[in-house]
Amino acid sequence: MTITNIDRLASGILLSLVSYPAAQAFIPSSTTRSFVGGPAVNNDLSISYSNTPFVSSPAQSQSRANQLKSSIFDDFEEFNNDSHSSSINDGGKQDDLFASLRARQDYLESGIKSESVYTYNSEDKILSNWKEAKCFSAVRLSLDDWIRRIAIDTYPLAVVGSAKGNIYLADLEKREELDCITSVHEEHIDHEEVNEAMKKLYGLYDGGGVISVAIHNDVVVSSGREGGVHVFKIDGEEVEKYKGSRGGTAKSTKLHLRSEGKIRYLDSSLITALTFDEDGLLWTSGYDGFIRAFQYDDEDMPLSVQKEPLYEIDVGSEVLSVSVNNDIGCGVAATAAGTAVLFSLEEGEIMSEWKPFGKATGKRKNEYARCAMIVNNDEESLKDDQKAIWSVVVGGSKGSMYQRRLNLDTMGYVSEGKPFVNDDALRGRLRPSHSNPVMCMASPSNGLLLS
């Protein structure tokens, strides 16, 4: 599927985002657990599925964790046919509904209980699974908290930010919660500027807690509504475990988070997004209208002691998201003024700005840029002598999505003099649109866009 082909993109994959209050309606009242699920993607582009049971949170005792090891969560335990039959007249449709729900639950249970492991080492197979939406459902992490943000650098290690403001370190392959630092960020803050920012970011439904998390190698960063950026390091310590019935021991490394403090320069800034590039820089977007870059791999000057950023870019409006692309040497930010700002990773300067939404009317009036990213178009559609095609895709606050092609120089980087291709045929609106804000986007493979 080629991203520049608007008509074909309509048949692509769109991931709907459920708002925080709406999601509560689908969780049985007897539990407040939050889940991370999905296929495991390894560094060698293989997908593997192991079926270990759920992981308990640190607040639970070890005995309860052992009990959970053999239990399966019942998504529909409160949707009992007998208890609700008196309130529904058309019993036939009622039976069909619960039969369908129960069949789905049985399918999930059989998948989790199964000991089989599925591995696809072929990149073509992974691409095919994405295009055909062939997925295997599995719970990768279960917490007694709402999961608000998740970041993965090297699978299966993941960092999770929660609605309570906690930061978790987890192994998604083992379904194990490795560590948790509680109350790093505030759940809610009743302040006029903060409330305005949360409405810009999340609309009418703000789930609270962590705004952004990012991980690169052993460095973890997070931001919250109280302002600033917290820095953590992933440490490991050797522990001995009993092995076998004869009292033998084996050594293993236990990973945990170590707080390194905060980036003091950002204490008064509400940071909306965090992302690492591959050249040693942490990029931050601020509601104060600045994109900033700090060096994260300087051993003599760690993030927590840096007094000022390496780059500071004033975009003139609240920045709601930022993403970078090392392949073509630039990044893109979405602003509340409705613009997508293209900037150089090497120079730390604005290259160009694009306002895709124009003068919309009706429902999409006053739409602004909620998120933006750089994507690589489908390689299958390229001719033998044709270079890779890159585009900027912008998601709006009212659900619209637009794309515009980038102009590359002979070295394969975005042209500094003319970053965008000025051809109306190579830019336009992607359909179908979302009915609510486009919260985030991802491109798991060339030519594929998830929103």
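The values are calculated or read from the model by the stated rules, or taken from the named source; none is laboratory data. What you see is a predicted model, and the numbers here were worked out from it, not measured in a lab. Every residue, glycine among them, receives a Cβ derived from its backbone with ideal geometry; neighbour counts consider all protein chains shown. The accessibility values were calculated without ligands, DNA or RNA, using every heavy atom of the protein model including side chains. Shrake-Rupley method; radii C 1.70, N 1.55, O 1.52, S 1.80 Å.
Summed over the residues of the range 248-378 and divided among them, the accessible surface reaches 43 Å² per residue at a probe radius of 1.4 Å.
Using heavy atoms of the protein chains and a probe of 1.4 Å, the accessible area assigned to His256 is about 50 Å². With R₀ set to 60 Å, the beta-carbon distance separating Thr182 from Asp423 gives a calculated FRET efficiency near 0.70. What does a probe at Asp314 reach in the range 258-295, counting residues whose amide N is under 17 Å from the point 7 Å along Cα→Cβ? Within reach of a label on Asp314, which here means backbone N under 17 Å from a point 7 Å along Cα→Cβ, the range 258-295 contributes 269, 286-293. At an R0 of 60 angstrom, the distance between the Cβ atoms of Phe136 and Val305 translates into a FRET efficiency of 0.85.
Here the spin labels are modelled as points 7 Å beyond Cα on the Cα-Cβ line, and at Lys174 and Ser268 they lie 4.5 nm apart. The amide H of Leu430, built 1.01 Å from its N in the peptide plane, has Met401, Tyr402, Gln403 as neighbours under 5 Å, considering only residues 5 or more places off or on other chains. Hey, for a label at Lys251 modelled as a point 7 Å past Cα toward Cβ, could you say which residues of the range 143-181 have their backbone N under 11 Å away? Of the residues in the range 143-181, none has backbone N under 11 Å from the label point off Lys251. Model label sites at Lys125 and Lys199, defined 7 Å from Cα along the beta-carbon direction, differ in position by 5.1 nm. For the range 199-224, the residues whose amide N sits under 20 Å from a probe point set 7 Å from the Cα of Asn366 along the beta carbon direction are 199-206.
Over 25 Å apart at the Cα level, from the set Lys164/Lys262; Lys199/Lys233; Lys174/Lys262; Lys164/Lys365, are Lys199/Lys233; Lys174/Lys262; Lys164/Lys365. Would you mind counting up the charge near Gly208? Only other residues with Cβ under 9 Å from its Cβ, with Lys and Arg at +1 and Asp and Glu at -1. That sum, taken over residues with Cβ under 9 Å, equals 0. Averaged over residues, the count of other Cβ atoms within 10 Å places the peptides 308-321, 151-164 in the sequence 151-164, 308-321, highest first. The Cα-based radius of gyration and maximum Cα-Cα distance (Dmax) for the range 188-274 are 19.3, 64 Å.
Surface composition of the range 155-236: carbon plus sulfur atoms contribute 43% of the solvent-accessible area (1.4 Å probe, protein chains only, all chains present).
Which net charge results when you count Lys and Arg as +1 and Asp and Glu as -1 among the other residues whose beta-carbon is under 10 Å from that of Leu320? After counting each charged neighbour, the total is +1. The order of the peptides 293-300, 229-236, 441-448 by mean Cβ neighbours within 10 Å, most packed first, is 229-236, 441-448, 293-300.
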